[in-house]
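Bear in mind that the values in this text are calculations on the coordinates, not laboratory data. Everything numeric here is computed off the predicted structure, so don't read it as measured data. Glycine gets a Cβ as well: all are built from the backbone with ideal geometry, and neighbour counts include every protein chain shown.
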Amino acid sequence: VVALAVGDDTSYHDGVLTVGRRAAAELFTHPALVEVRICTASPGDRTRIIKALDAVEPRCKGADAAGEVFPGLLGPAQLCGRGETHVLRGAAVVSAGFLPRAQESVLQMSGPGAELSPLSRLHNVVAEFEPATDAPWEDVASALRLGVLRLAAHLAQAARGATPDGIEELEPLPAGTGELPRVVAVTNIQTQGAFKDVLVYGRSMAGSLPTWMDPCELADGAVVSAQYGHPALKNPTFVHQNHPIVAALRASDEVELAGVVLCPEPVAEREKRLVSEHSARLCAALGADGAIVTKEGGGNADGDVALKLDALEDLGILAVGLFAEMAGRDGTAPGLVVAPSHATALISTGNYDELVQLEATDRALGGERLGIVDAAASDAVELPMAAIYGSLNPLGWNRVTCAGEA
Amino acid sequence: MRIVHYLNQFFAGVGGEEAAGTAPAVREGTIGPGRALAAQLGSDHEIVATVFCGDDYAASEASAPDELLELIRGASPDLLVAGPAFTSGRYGLACARVAAAAARAGIGAVAAMHPENPGLDEAEPAPVIESGKTAREMRPSLERLAGAIETLSRGEELREQDGRIGKVPRRNRLAERTAAERAVELLLARLGGDRERTEVLLPNFGSVTPSAPIEDSGGALIALLTEGALVPMGNPDRLESARATRWLRYQLEGLDRLEEGAFQSVHGGFSTVAANADPHRLLPLDVARDLEREGRIGALHHEYLTTAGNGTQVATARGFGVEWAAELRQAGVQAAILTAT
């Protein structure tokens, strides 16, 4: 996608995606939603999106492929990850507005602030919404989530007949030749109840033990975010569809990808220990030589990464963990809330507390006011990095990092 | 140089914990460690006065640094030297704050403490020189401090080789590659035998030795504290819901229960529904009053202290801890229940 438009009918021609206003609105029909407005925000637009919730890449299955994307939500929860998948690269469907427990996020589409988030480089189809007065917030969130997924599939379907700009073949995972080190992407997902949950084949992983997943399942939407908190530290559906660690492992000819271990992030320490040891056990059973461990959420989730790194290294599986730092505004505080005791290879996705200045914009989507700084939504503002959508992405989506001044 | 030396009540010879409430005072010449420090300094320098203050007073009275600064000014020094405070938290905070106040007032200043002292972060713009962990290391600590004073007297800045400590600020920047790509490269390095490489060093949070149990709880004054951000309804003092920079106190006098609707949690890190429905789940005033009536505790402290423990910087939280300890000791509290969320 190289340009977006909103029009009467949904269509895709030569990289221009037109979102059909009426068709899009119908996909959100639900008693919990009074109205949904579709707008667009493209890179370079003097636009700010506030209160951005989820971001989803438009995808659908090929006409001959069995099943549907987002199994368990748009169709039955049958195994996905096989057959043709159509992808509208360069675009995302973004929901924006108030939901409980969702700390306000900010996404700048132009100027220096746009350097801070990978989502700023995408053509965003933004769905603003008006909840029904007496609808429970859980219903609003669920209706919105389904609408966004339907819209993402609907947009991709419009391009199904177009000649693809590129074709990528994702091979089934090799069983292991013994020649290259086998590496697992251990992916922790948040499980903290309503508005802070992640759905796997349509259901929460809360209370589950970790499970193994073929990365192709992720590509077809087996994991969908229902986690709207932690703007900088969230993993929107988009990064599960385009798992950055999986992509980086696939791109390396020095390792063999041994799949994804998906693991919930329980809040109780003994549960954290339990799932960490089970994750390590799964990796051992997969014949892993190494693992890269990621999280979702704030300081609590540091514990999940730390425990897993130690548990993996205890089994002789070398491990790297991704952490955002909470090093204070001046960057002098200890950055990790919970650190591993002996695993030491850590990647920094940046300091959560450092302040950034954002230029004023011509318009804002997602709301009228930015409550965290009590400013109009399009004003010039100063905010901690923590508020910038996707900036410190725990799955390694972004380039922000943090280092001591020389 | 004319030097004024700052000490706590203990090193000034006033007394131990029983004298921790001592207000700021000044004496001519050297006291205690000041004598040993003077012996290390050449005849070009003279410690003309010693100012001191009780640890609790210094850590809990907001006016303490200004009061001390007035006493320091009275001796017209070229340099204020504070400490060494070793790992003592309240003393370290006091040294840091008085050195910072002097430096801001245009008086040269230097503090000395151990790198783990929570005061370290509050000394800016004054430099801090490393000291040992305990007073057993007084002598090498004073030698290093004396060397630093010599350096300062030559008009030079203190550097790492002088024993200067303080954290190197970490700044956000854009790397050439994504964190995911860097993670794969780091894992390859680790698989290749490099066990040192990392972008983040493991932090050292130190450890806290628990105090001995109180001997007679039936005679003890007990305080309730929480990091659950429990505040009166409407959050009148605007406590932050995350990344708190301060703490607050609220009255419990005359209160038997925390009624729903009278208090709320503004904590941004957990669902506050259950806590708001029954604030005792954050601050157990109900059972504490029962224990008080039953005589199982002597009395309940007349106010509770609260902050939001959510994304709070460690240095800030350690500072809160030192201030709370000083505050409670001043009030004669023997034990506290600190609820965490």
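Taking B:244, B:99, B:123 as the candidate residues, the one with maximal mean-square fluctuation in a Gaussian network model of chain B, Cα springs under 10 Å, is B:244.
Here the protein assembly as shown is assigned +1 on the Cβ of each Lys and Arg and -1 on the Cβ of each Asp and Glu. Its dipole about the Cα centre then comes out at about 300 debye. A dipole drawn for the protein assembly as shown from +1 and -1 charges on Cβ atoms has a positive end, and of B:127, A:241, B:95 the residue lying farthest that way is A:241.
In the distance distribution for the stretch B:190-279, Cα-Cα pairs more than 22 Å apart total 54 percent. Only Cα pairs under 8 Å and 6+ residues apart enter the sum, and on that basis the relative contact order of chain A stands at 19 percent.
Other protein chain C-beta atoms within 10 Å of residue C-beta, averaged over A:356-369: 0.
Between A:47, A:85, A:332, which gets the highest mean-square fluctuation from a Gaussian network model of chain A, Cα cutoff 10 Å? Fluctuation is largest for A:332. Taking every DSSP beta bridge that has both ends in chain A, the antiparallel portion is near 50%. The magnitude of the dipole of the stretch B:97-234, with charges of +1 and -1 set on the Cβ of Lys/Arg and Asp/Glu and taken from the Cα centre, is near 320 debye. Projected label points at residue B:273 and residue B:338, each 7 Å from Cα along the beta carbon direction, are separated by 3.0 nanometres. Label the stretch A:45-96 by shape, choosing from rounded, prolate and oblate, from the square roots a ≥ b ≥ c of the eigenvalues of the Cα gyration tensor; if a/c is under 1.5 it is rounded, and otherwise prolate applies when a/b is larger than b/c, oblate when it is not. Note, shape of the stretch A:45-96 comes out oblate. Counting every alpha-carbon pair across the stretch A:201-276, the share separated by more than 18 Å comes to 49%. Just so you know, the Rg over Rh for chain A is 0.95, from Cα atoms, with Rh as the Kirkwood radius. Does chain B classify as rounded, prolate or oblate by the C-alpha gyration tensor (a ≥ b ≥ c root eigenvalues; a/c under 1.5 gives rounded; else a/b over b/c gives prolate, otherwise oblate)? It is oblate, given that a/c is not under 1.5 and a/b is not larger than b/c.
Summing charges over all other residues whose Cβ lies under 12 Å from the Cβ of residue B:111, with Lys and Arg as +1 and Asp and Glu as -1, gives -2.
Rounded to the nearest Hz, the phi-derived 3J(HN,Hα) couplings of the stretch A:29-43 under the Karplus curve 6.51 cos²θ - 1.76 cosθ + 1.60 (θ = phi - 60°) are 4, 6, x, 7, 10, 7, 8, 10, 10, 9, 10, 10, 9, 10, x, where x marks glycine and proline.
When A:14, B:278 are sorted by how many other C-beta atoms sit within 10 angstrom of their C-beta, beginning with the fewest, the order is A:14, B:278. For the stretch A:161-254, GluC sites (Glu not before Pro) meeting the loop criterion (DSSP other than H, G, I, E, B) and having at most 11 other Cβ atoms within 10 Å: A:168, A:169, A:179.
Of all beta bridges that DSSP places with both ends in the protein assembly as shown, some 45 percent have antiparallel geometry. Here the dipole of the stretch B:1-135 is about 280 debye; that uses its Cα centre as origin and unit charges on the Cβ of Lys and Arg (positive) and Asp and Glu (negative). Among B:16-22, A:61-67, A:191-197, sorting by the average number of other beta carbon atoms lying within 10 angstrom of each residue, highest first, gives A:191-197, B:16-22, A:61-67.
Identify which of B:205, B:86, B:320 has the largest mean-square fluctuation in a Gaussian network model of chain B, with springs joining Cα atoms closer than 10 Å. Among B:205, B:86, B:320, the largest mean-square fluctuation in the Gaussian network model of chain B belongs to B:205. Compute the Cα gyration tensor for the stretch A:99-155, then decide on rounded, prolate or oblate, letting a ≥ b ≥ c be the square roots of its eigenvalues: rounded whenever a/c is under 1.5, prolate when a/b is larger than b/c in the other cases, and oblate in all that remain. Taking the square roots of the gyration eigenvalues as a ≥ b ≥ c, the stretch A:99-155 is oblate. The mean sequence distance of close C-alpha pairs (under 8 Å, at least 6 residues apart), as a share of the length of the stretch A:316-355, puts its relative contact order at 52 percent. As a calculated quantity, the FRET efficiency between residue A:64 and residue A:284 at R0 = 45 Å, using C-beta atoms, amounts to about 0.70.
With N counted as the residues of the stretch B:246-294, its alpha-carbon radius of gyration over 2.2 N^0.38 Å works out to 1.22.
Footprinting exposure proxy ranking of B:302, A:230, B:280, B:267, fewest other C-beta atoms within 10 angstrom first, gives B:302, B:280, A:230, B:267. Note on A:247-253: average number of Cβ atoms from other chains within 10 Å of each residue's Cβ is 4.
Residues B:61, B:116, arranged from fewest to most other Cβ atoms within 10 angstrom of their Cβ, appear as B:116, B:61.
Taking all Cα pairs closer than 8 Å and separated by 6 or more residues, the relative contact order of the stretch A:10-113 comes to 32 percent.
Projecting the Cα atoms of A:62, A:172, A:358 onto the charge dipole of chain A, computed from C-beta unit charges around the Cα centre, puts A:62 farthest toward the positive end. Equivalent-ellipsoid semi-axes for the protein assembly as shown (Cα gyration tensor, √(5λ), whole Å, largest first): 52, 29, 25. Counts of other chain beta carbons within 10 angstrom of each beta carbon in peptide B:120-129 average 1. The per residue volume of the convex hull around the alpha-carbon atoms of the stretch B:1-92 is 80 Å³.
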